[in-house]
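Every number in this text was worked out from the coordinates using simple rules, so none of it is lab data. Just so it is clear, the model here is predicted, and its values are computed rather than measured. Ideal geometry is used to build each Cβ from the backbone, glycine not excepted, and the neighbour counts take in all protein chains shown.
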Ligand SMILES: Nc1ncnc2c1ncn2[C@@H]1O[C@H](COP(=O)(O)OP(=O)(O)OP(=O)(O)O)[C@@H](O)[C@H]1O
Ligand SMILES: [Mg+2]
């Protein structure tokens, strides 16, 4: 019992889930809601099983997953590198940053069709759309993080004769990491959205492509099953980023010694 | 008198604030510190103590006047100086030993050659066994002791300390005072220490530099003729009391009672 009360959110969340699914199933049956409007959870489970057993979901899952990962790596990677360059050379920030912000204000969904025309219906256009979306959160957070180093710390390093590069490597970069991870976490979730948007605009494979197909066939239960897979992918990737963060930014308070009343 | 290790002549520092006003932080400061001396600086808050220390550490530019270290003008930080700020300023991703070895890393020396000394110093300040702990696992006083060890690890000739014991409780503070005196007596370093506490200033020093506020200037330099080595018992002697009373009276006459 003690263990249970230490983490009351776990049983509560499970109860909430059961109540929600049960209520949903009951409502669909009670009001005889047609399956093409809202499918019952049992129908969604059935569609999930068929999709998985036939291997169709699995194949398309890997296509979307690869697009997400590649787009994330390129987008987040270039966001970090440019963020570091901007953080190192203030002149660069003043000359380049306005253009980056201008680019960011462009809705990526709006340029997705152009990218599909330029790069085709295959994976590369999805990777590029995903990368443009994953880029900015990592860039912005890297820049903020590199500025977050306390003045005291810099003065102390200077007093011990540190060079600019040493201050960057030994103080500013590690100080920026928690911020970079905030950016990475936002970027990974946006990357899933980016890949799906790309697939909606034009594609021959992937979970987004499957959703369109099922939608066209009025297979609502199938669409819901794919949505569940997508959100599981998003949750899994988010948890992976969190796990890496805990290892890399190990010195940050993980909150297990809670302040009483906090 | 031998050549002073630190010498300032007609030193002035004027800060330009964001509103465009000028704040005179130091005015006409002339001071000589002999090699091996223990000098403390007392003065009310805002009188320019930290400013003076930062100029001597080579991390803040003076506005006019001359400052020299071992006969050479100070135009930047020196490897031969160890600094301690009021806050410990440890790097949270380095453990205690790695934090202490920071000056070694910065000077691109071999860690292995200095690890023994770092461990010995940590033992001296009562932190043996904490080498692998991270700053977040230490109390404020322990963190400050790590900061002091870091300032000593590269064996500098000059130690500049800005209220290093301000965050410590009275008991730890007294034992740190004794520890610092022992390190100083063994190594014959030159120490300049800023403090808010008049008794602490008298207890530690050969010379107490008394500063007056706005604009910060040296109003008096008091020679402390208490015998060495010193022990806490001296703090109740009449001679000690007389020095403390003289400095207090001095501040009172300035209308700035501080401690
Ligand atoms: N960066 C700065 N810009 C403008 N004014 C400053 C700056 N730093 C310090 N000052 C001003 O210079 C004066 C001296 O500051 P300093 O920090 O040297 O005082 P202090 O004697 O160390 O005070 P305390 O005992 O409170 O630490 C103060 O009036 C302060 O407001
Ligand atoms: Mg100060």
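Once every DSSP H run of n ≥ 4 in the protein assembly as shown is given -39500 (n - 2.57) and the sum is divided by its residues, what mean residue ellipticity at 222 nm do you get, rounded to the nearest 500 deg cm²/dmol? Walk me through the intermediate numbers first.
On the way: 20 runs with 294 residues, N = 521.
The helix-only estimate for the protein assembly as shown comes to -18500 deg cm²/dmol at 222 nm.
For segment A:164-229, the relative contact order is 15 percent, taking Cα pairs closer than 8 Å that sit 6 or more residues apart in sequence and dividing their mean separation by the residue count. Full extension of the chain between residue B:178 and residue B:32 gives 50.1 nm of extra length, using 0.36 nm per residue less the Cα-Cα distance.
Specify whether the C-alpha gyration tensor of segment B:1-107 places it in the rounded, prolate or oblate class, a ≥ b ≥ c being the square roots of the eigenvalues: rounded for a/c under 1.5, otherwise prolate if a/b is larger than b/c and oblate if not. Mind showing how you got there, number by number?
Numbers: a/c = 1.95, a/b = 1.26, b/c = 1.55.
Judged from the Cα gyration tensor, segment B:1-107 comes out oblate (a/c at least 1.5, b/c at or above a/b).
Under the definition of Cα pairs under 8 Å and six or more residues apart, what whole-number percent is the relative contact order of segment B:12-121? Numbers along the way, then the final one.
Details: 83 pairs, mean separation 18.2, N = 110.
Relative contact order comes out at 17 percent.
If I take R0 = 51 Å and measure r between the Cβ atoms of residue B:19 and residue B:112 in this structure, what FRET efficiency does the formula 1/(1 + (r/R0)^6) give, to the nearest 0.05?
Efficiency for this residue pair is about 0.50.
Under the simplified labelling scheme, the residue A:106-residue A:232 pair shows an inter-label distance of 3.7 nm, with each label point 7 Å from Cα along Cα→Cβ.
On a 0 to 90 degree scale, rounded to 10, what angle separates helix B:140-152 from the longest Cα axis of chain B? For helix B:140-152, the angle is close to 90 degrees.
Once the Cα atoms are used to define both axes, helix A:9-30 deviates from the longest principal axis of chain A by about 30 degrees.
Against the main long axis of the alpha-carbon atoms of chain B, helix B:170-187 sits at an angle near 80°. The label point for residue B:246 and the one for residue A:88, both projected 7 Å from the Cα toward the Cβ, are 5.7 nm apart. Taking every C-alpha pair closer than 8 Å and separated by at least 6 residues, the mean separation divided by the residue count of chain A gives a relative contact order of 25 percent. Distance between the pseudo-spin-label points of residue B:223 and residue A:54 (7 Å out from Cα toward the beta carbon): 10.1 nm.
Can you classify segment A:69-133 as rounded, prolate or oblate using the Cα gyration tensor, where a ≥ b ≥ c are the square roots of its eigenvalues, rounded means a/c under 1.5, and otherwise it's prolate if a/b beats b/c and oblate if not? Note, shape of segment A:69-133 comes out oblate. You can think of it this way: the chain between residue A:9 and residue A:42 has 9.3 nm of extra reach, that is 0.36 nm per residue less the Cα-Cα gap. At an R0 of 45 angstrom, the distance between the Cβ atoms of residue A:152 and residue A:117 translates into a FRET efficiency of 0.25. Principal axis extents of the C-alpha atoms in chain A (largest first, rounded to whole Å): 75, 59, 29.
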